[in-house]
Amino acid sequence: MSIVYYPGCSAAGTSSDYEKSTQAVCDALGMSFTPLPDWNCCGSTPAHATSTELSAALSVRNLDIAAKMGAEKVATPCPSCLSNLRLAKKRMEKPEFRARVDELLDEASSAELPQTYSVMQLIYEKYGSEFVAHRVQRPLKGLKVACYYGCLMSRPADIMADFGHPENPQVMESLLRACGAEVVEFPLKTECCGASHGIPERQLTANLSGKILETAQNMGIDALVAACPLCQMNLDLRQKQAGKAMGKEFALPVFYYTQMMGMAFGIKLSALGLNKLVVSPEPVLKKWQAALKEGVCE
Amino acid sequence: MRIGVFICHCGSNIGGTVDCAKVAALAATFPDVVYATDPMYTCAEPGQAAIEEAIKNYQLDGVVVASCSPRMHEPTFRRTVERAGLNRYMFEMANIREHVSWIGKDIEANTNKAAELVKMAVAKLRNNKALHAASFDVNKKVLVIGGGVAGIQAALDCAEGGIPVVLVEREATIGGKMAKLDKTFPTVDCSACILGPKMVDVAQSPNITTYAYSEIESISGYVGNFTVTIRKKTTYVDWSKCTGCGACTEKCPSKKTPDAFNEVTGLTTAITIAFPQAIPKKAVINAQHCKKLLTGKCGVCAKTCPTGAINYEMKDELVTETVGAIVAATGYDLVDWTQYEQYGGGRYPDVITSLQYERLLSASGPTGGHIVRPSDGKEPKNVVFIQCVGSRDRSIGRPYCSGFCCMYTAKQAVLTKDHMPDSQSYVFYMDIRANGKLYDEFQRRAVEEYGTEYIRGRVSKIYPDGKGHLIVKGADTLLGQAVEVEADLVVLAVGVEAAKGAARLAEKLRISYDSYGFFMESHVKLKPVETNTAGVYLAGVCQGVKDIPASVAQGSAAAAKVLSLFSKDKLQSDPQISQVDIKRCIACGKCVQTCPFGAIELFDFRGQQKARVIETVCQGCGLCTATCPQGAIQLAHFTDNQILAEVDALCQC
């Protein structure tokens, strides 16, 4: 009963491939979660753009259920959920704020709310790169990739202080290197992709995502690896829009880090949701499989 | 005893939240008080005259003033009572400003507390005894620690005043940071050309003994009589033989030694002379890069040296000097900017510090004054300057402004245009702080005559675009827009912090330092040169950020303090020191062990061991009095009886 899993709305919709691959990787590592029953939205953009208390109330309701289950920690794959759940817990330290949130919830929430962690941080801290490397069956040979965290995974600095340097986190790099990939240092790893502006201000998101894709492509990588459902969508689904904004044509597959880890763990590709990627991962898969075959011949 | 009490209004500072007249009326009822009043400004001339008059008219033999912190005015009022014929220790001060009126608004509570503090002061005064200072000789010789421009100025001014000076410098040459600068603002005159002659004056002054490549090992003693041990670090070159000809540096085969004087913008040899105008102009071997010292095979410099000065067996040497005063002028170092991962954390070769840029601009630098990119040796076109890197940034614990970066950045932008007329400079800034003489005019020239683009905003990211440029991404807060500049070279105006090892030196000097390592002055406004340790003075950035003119001014100010101290042949010791009651002393020796100043010794008294205080060494800290299991040591003016009398008075309130 120690870690309770909070999937977040995207997992149940647009990022079902992230959800599938996260579950598969955690299963393969032996990490078990208790599902959070009757969960609701974490209070992301629509809520926190309206009212801080409303956003916090939505998050606190989830944390409160987890607290009553006796959870020590909450795990979520989504950086936006992570940020909202952590911020809500932090803000609840102020009695006046807590009072206003409790009023919205119609009842007093638990005095002690559990802390939330990204699934990535939990994998890294519980197993470490050595154990992950030990688990690899089909190393990501011949693949040159760049890690992209998005703006929320490591920031704001005071909320995410336990994740490494807020401007230059290294957790995803360590995990993927353990999986055998060649990981380049991506300078824009924490830059904003444009996030939910993709709907009201499409051009803005196209520009921001375009910058990221352009720099990544200039580095001569095979794939970009993301950890956030919204970032992945902006970089993958909207890659053509971004290309148009930059006057370029991009063809850069954007994986979730869990998909890459799952590949290395030898999990069946169909269980990783690769068919959901918009920019075809085929060239990457072919390159990888060829490299693996070469390794066998050696 | 006949005591007079003065409850100061301090204008409205105290009078605004304390009923001073009521406190005076209450004070008049305290034991032995024969006179009490509440003047408006007690420290002013009429206020002091009123105290003197009251002493005469009422035959007072003790005075209490309730006013501000004793830090500032205790010496003032001690002189006042002395003028009226009392012993200066028959005076007590109650702090009813910092401890009462400034921190509470409730007039009734404040008035009660003020009365209680006055009652304590009266109780203590009733137990006071006249104390008399002893006098002792002054060793009229000064130690200056640090040979940057502030230390040089202090040394030269003292030497000019006829005082022998011992100048200790950590590096192989004096000159400090200023010697590394190309030009200086706001006149753009050559730094080496204006500092060089001063350095030569130091070398030529018969009154100055310079220990370069040396550090302070330990300091003992007190004002007028310090003993200083200096560690002369191993140079592997006998400086009494070295003529500074430089033949060794031409022949040394270890040509890939990082050049510390050039801020690692270039390479040098393992045996070096820091720069052509170095003082002293002597060679030093860098042991980490010398083939002979690392592998035992080489010895080229020893073969080359025409005077046989090379000595691979050399060891550190300790020398002792005795001085009467000390000037600390240890300067600064740059904040470790590589913690800024968003600026590449030190991974991008074309992101450099402004001190490194000075070396690139300098004709005696590694490129002969030609500006080139460290990555490919090409001349840059777009140069981006970023200010406040490690200054005014609470997120890295450096909330203060480094003071001179706005100005040297403007200077560097001007010089960039002079060196490369086709170049374009951009400056990201928070605010322009140009508040010195001719400073704002100079900064405007950088904008108006040299076409420097000033962008008000912070930089969020520097990254390589993969095509040989750096993209500098930031905000223009005046336009409310995100901006990106394609840069060939980025220069960071890295903030200032106290010199490495400043805290350790402060402990040796027994002076305070702030949370950033800067040495604490005695009073931030009125005693910016003195420290709380008598005979120790400050000059330059070691006390707080300042530019060259201010550092020079403080160097001269420190010298003036030393000269005025040395104008007396004898100094008076503070009689507030420990005294041993030998009847009670059991010679357990705990006080000897506890004393941080080595001021207590055991001696033979009629065949028995007893402790004894060395009067001139004791600083009156009171540690021994708290340690003595027999209560045999009392601190004069803070005896157990005096303190218990205060406690009694408070408990009876």
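The values are calculated or read from the model by the stated rules, or taken from the named source; none is laboratory data. The structure displayed is predicted, hence computed values, not measured ones. No Cβ is skipped: glycine too gets one built from the backbone with ideal geometry, and neighbour counts run over all protein chains shown. To get the accessible areas, we keep the full protein, side chains included, count just its heavy atoms, and leave off ligands, DNA and RNA. Shrake-Rupley method; radii C 1.70, N 1.55, O 1.52, S 1.80 Å.
Tabulated data
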{"quantity": "Matching option when the condition is over 30 Å from residue B:396 (Cα atoms), open to solvent by less than 50 Å² (accessible area, probe 1.4 Å) and modelled with pLDDT of 95 or more, among B:595, B:591", "calculated": "B:591"}
{"quantity": "When residues of segment B:456-468 are limited to those that are part of a loop (DSSP other than H, G, I, E, B) and either under 14 Å from residue A:211 (Cα atoms) or at pLDDT below 95 (or both), the one farthest from the other protein chains (Cβ to nearest Cβ)", "calculated": "B:468"}
{"quantity": "Members of segment B:309-326 found to be open to solvent by 40 Å² or more (accessible area, probe 1.4 Å) and in contact with a helix residue (DSSP H, G or I) (Cβ under 8 Å, 6 or more places away or on another chain), listed by number", "calculated": "B:312"}
{"quantity": "Candidate set: segment B:333-347, residues that are touching a Ser or Thr at 6+ places or on another chain (Cβ under 8 Å) and either touching a residue at least 24 places away in the same chain (Cβ under 8 Å) or of a type in the set (A, V, I, L, M) (or both); chosen: the one least open to solvent (accessible area, probe 1.4 Å)", "calculated": "B:335"}
{"quantity": "Residue B:401 modelled with pLDDT of 95 or more, in contact with a Lys or Arg (Cβ under 8 Å, 6 or more places away or on another chain) and assigned to a helix (DSSP H, G or I)", "calculated": "no"}
{"quantity": "One residue from B:88, B:78 being at pLDDT 95 or above, part of a helix (DSSP H, G or I) and over 30 Å from residue B:198 (Cα atoms)", "calculated": "B:78"}
{"quantity": "Sole exception among (1) surrounded by fewer than 21 Cβ atoms within 10 Å (Cβ to Cβ); (2) away from every other protein chain (no Cβ under 14 Å) for residue B:443, by number", "calculated": "(1)"}
{"quantity": "Some residue of segment A:257-270 being assigned to a helix (DSSP H, G or I) and free of Cβ contacts under 8 Å to residues at least 60 places away in the same chain", "calculated": "yes"}
{"quantity": "Subset of segment A:194-211 (residues that are more than 14 Å from chain B (Cβ to nearest Cβ) and among the hydrophobic types (A, V, I, L, M, F, W, C))", "calculated": "A:195, A:199, A:206"}
{"quantity": "Residue check, residue B:330 of a type in the set (S, T, N, Q), touching a Cys at 6+ places or on another chain (Cβ under 9 Å) and touching a residue at least 40 places away in the same chain (Cβ under 8 Å)", "calculated": "yes"}
{"quantity": "Hey, residue B:72 modelled with pLDDT under 95, part of a helix (DSSP H, G or I) and touching a strand residue (DSSP E or B) at 6+ places or on another chain (Cβ under 8 Å) or not", "calculated": "yes"}
{"quantity": "Yes/no for residue A:181 being among the hydrophobic types (A, V, I, L, M, F, W, C) and under 30 Å from residue A:241 (Cα atoms)", "calculated": "yes"}
{"quantity": "Those residues of segment B:486-499 which are under 36 Å from the mean Cα position of the chain (by Cα) and more than 14 Å from chain A (Cβ to nearest Cβ), in sequence order", "calculated": "B:489, B:491, B:492, B:493, B:494, B:495, B:496, B:497, B:498, B:499"}
{"quantity": "Number of the exception - residue B:483 against (1) more than 22 Å from residue B:338 (Cβ to Cβ); (2) away from chain A (no Cβ under 14 Å); (3) not in a loop (DSSP other than H, G, I, E, B)", "calculated": "(2)"}
{"quantity": "Check on residue A:214, in contact (Cβ under 8 Å) with a residue 24 or more places away in the chain, away from every other protein chain (no Cβ under 14 Å) and more than 19 Å from the chain's Cα centre (by Cα)", "calculated": "no"}
{"quantity": "Residue B:341, sole failed condition from (1) within 14 Å of another protein chain (Cβ to nearest Cβ); (2) in contact with a Gly (Cβ under 6 Å, 6 or more places away or on another chain)", "calculated": "(2)"}
{"quantity": "Per-region count, segment B:184-200, residues out of contact with any helix residue (DSSP H, G or I) (no Cβ under 6 Å at 6 or more places or on another chain) and either part of a helix (DSSP H, G or I) or crowded, with 21+ Cβ neighbours inside 10 Å (or both)", "calculated": "7"}
{"quantity": "Segment A:125-168 - residue that is open to solvent by 50 Å² or more (accessible area, probe 1.4 Å) and under 16 Å from residue A:226 (Cα atoms) and, of those, farthest from the other protein chains (Cβ to nearest Cβ)", "calculated": "A:152"}
{"quantity": "Qualifying position, being open to solvent by 20 Å² or more (accessible area, probe 1.4 Å), touching a Lys or Arg at 6+ places or on another chain (Cβ under 7 Å) and part of a loop (DSSP other than H, G, I, E, B), among B:586, B:582", "calculated": "B:582"}
{"quantity": "Residue in segment B:553-567 that is under 30 Å from residue B:129 (Cβ atoms) and at pLDDT 95 or above present", "calculated": "yes"}
{"quantity": "Residue among B:396, B:371, B:432, B:386 that is in contact (Cβ under 8 Å) with a residue 12 or more places away in the chain, in contact with a His (Cβ under 7 Å, 6 or more places away or on another chain) and of a type outside the set (D, E, K, R)", "calculated": "B:371"}
{"quantity": "Residue that is farthest from residue A:86 (Cα to Cα) [pool: residues in segment A:42-68 that are open to solvent by less than 50 Å² (accessible area, probe 1.4 Å) and in a loop (DSSP other than H, G, I, E, B)]", "calculated": "A:51"}
{"quantity": "Qualifying residue in segment B:277-296 (condition: more than 21 Å from residue B:252 (Cα to Cα) and buried (at least 23 other Cβ atoms within 10 Å of the Cβ))", "calculated": "yes"}
{"quantity": "Segment A:1-40, subset free of Cβ contacts under 8 Å to residues at least 40 places away in the same chain and acidic (Asp, Glu), residue farthest from residue A:81 (Cα to Cα)", "calculated": "A:27"}
{"quantity": "Subset tally (residues that are open to solvent by 20 Å² or more (accessible area, probe 1.4 Å), away from chain B (no Cβ under 14 Å) and under 17 Å from the mean Cα position of the chain (by Cα)) for segment A:169-181", "calculated": "1"}
{"quantity": "Selection count where residues are under 30 Å from residue B:517 (Cα atoms) and either open to solvent by less than 10 Å² (accessible area, probe 1.4 Å) or small (Gly, Ala, Ser) (or both), scope segment B:361-402", "calculated": "9"}
{"quantity": "Members of segment B:35-55 that are outside any loop (DSSP other than H, G, I, E, B) and surrounded by 15 or more Cβ atoms within 10 Å (Cβ to Cβ)", "calculated": "B:35, B:36, B:37, B:47, B:48, B:50, B:51, B:52, B:54, B:55"}
{"quantity": "From the options B:543, B:642, B:634, residue that is closer than 21 Å to residue B:146 by Cβ and modelled with pLDDT of 95 or more", "calculated": "B:543"}
